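Report on the following structure.
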Amino acid sequence: MEIEVGEYKLRPWHIDDVPALTKHANNKRIADNLRDIFPHPYTEKDAREWIQSNHGAERFTDFVIATKSEAIGSIGAHIGPDIHRYSAEVGYWIGESYWNKGVMTSVLKAFSQYAFDKLGMVRLYATVFEWNPASARVLEKAGYSMEGRLRKYVTKNGRIADALLYALVKEDAE
Ligand SMILES: CC(C)(COP(=O)(O)OP(=O)(O)OC[C@H]1O[C@@H](n2cnc3c(N)ncnc32)[C@H](O)[C@@H]1OP(=O)(O)O)[C@@H](O)C(=O)NCCC(=O)NCCS
C-alpha cells in the first residue's frame, strides 16, 4: 500500500529504514510533543523494535513518510475498540530539517482521505499538547476543527499540561 503525496510517499515500514528513522527520530523537539513511548534518545534498537511491531499488521494504519531516498517521518492511526471502532486517533512527526515546508499538511490531508475511504473511519482526531502551535496549525490547515481544551490531560517531562482536541468527521471532509 502506497500513497503519493507530491514528491513524498507514504509507504509501509521496512527494516532498511532503521538508520534513517534513528537519525530523524533522535530529536528531543520531536519527543517532547509525542507520547513517552517515543523515547529520547532514540536508538537503532528503538527503531528496529518499532518497525518489527508494525510488521504484518492486519490493516495498513502506520506509514513511513519518505523521500525518494529515505524515511523522514511517520503518520499513523490508532483505531478505537468496541463502540469507538470507526474513530481513530491520528499521530505524526517529521524530521526537523523538513519542518515548515508544508509537508505534514499535505501528508495529513492525504492520510485522512485514506483513513475515511480505505479504513472506513468516520471520525479522526488528535490531541495536541498546549505548547505545540505548529501541530495545531497543521490540523487546522488539513480541515480539522478544535473541539475543546482538555484541561490537565497530559503529563509530559514531569509537567501536567492541557491538550487541544482536534477532529475531522468524514462528512465534513467530503
Ligand atoms: C508538528 C509538525 C508535524 C509540523 O510539520 P510541518 O511539515 O512542519 O508542518 P507544515 O509545514 O505543514 O505546517 C506548519 C505550520 O505551523 C506553523 N508554525 C510552526 N511553528 C510555529 C509556532 N511556533 N507558532 C505558530 N505556528 C507555527 C508554520 O508557520 C506552518 O503554518 P503556515 O503554513 O500557516 O505558515 C512537526 O513540527 C513535527 O514533527 N513536530 C514534532 C512532533 C509533533 O509535534 N507531532 C504532532 C503531535 S500532535
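Readers should treat all values here as calculations from the given coordinates under stated rules, not as data from a laboratory. None of the values given here were measured: they were computed from a predicted structure. Every residue, glycine as well, gets a Cβ built from its backbone with ideal geometry; the counts of neighbours run over all protein chains shown.
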**Over the chain: Kirkwood hydrodynamic radius from C-alpha pairwise inverse distances, Å** = 16.5 Å
**Item:** Hydrodynamic radius by Kirkwood, which averages 1/r over all alpha carbon pairs of the stretch 104-174, in angstrom
**Value:** 12.7 Å
**Item:** Inter-part distance where the stretch 1-70 and the stretch 77-95 are each reduced to a Cα centre, Å
**Value:** 16 Å
**Request:** Rank-order 17-29, 35-47 by packing density, defined as the average count of other C-beta atoms within 10 Å over each peptide's residues, highest first.
**Result:** 17-29, 35-47
**Complete:** Of 49, 89, 140, the most mobile residue in a GNM of the chain (C-alpha springs, cutoff 10 Å) is 49
**Complete:** With a ≥ b ≥ c from the Cα gyration tensor eigenvalues, square-rooted, and the rule rounded for a/c under 1.5, otherwise prolate when a/b > b/c and oblate otherwise, the stretch 20-63 is prolate
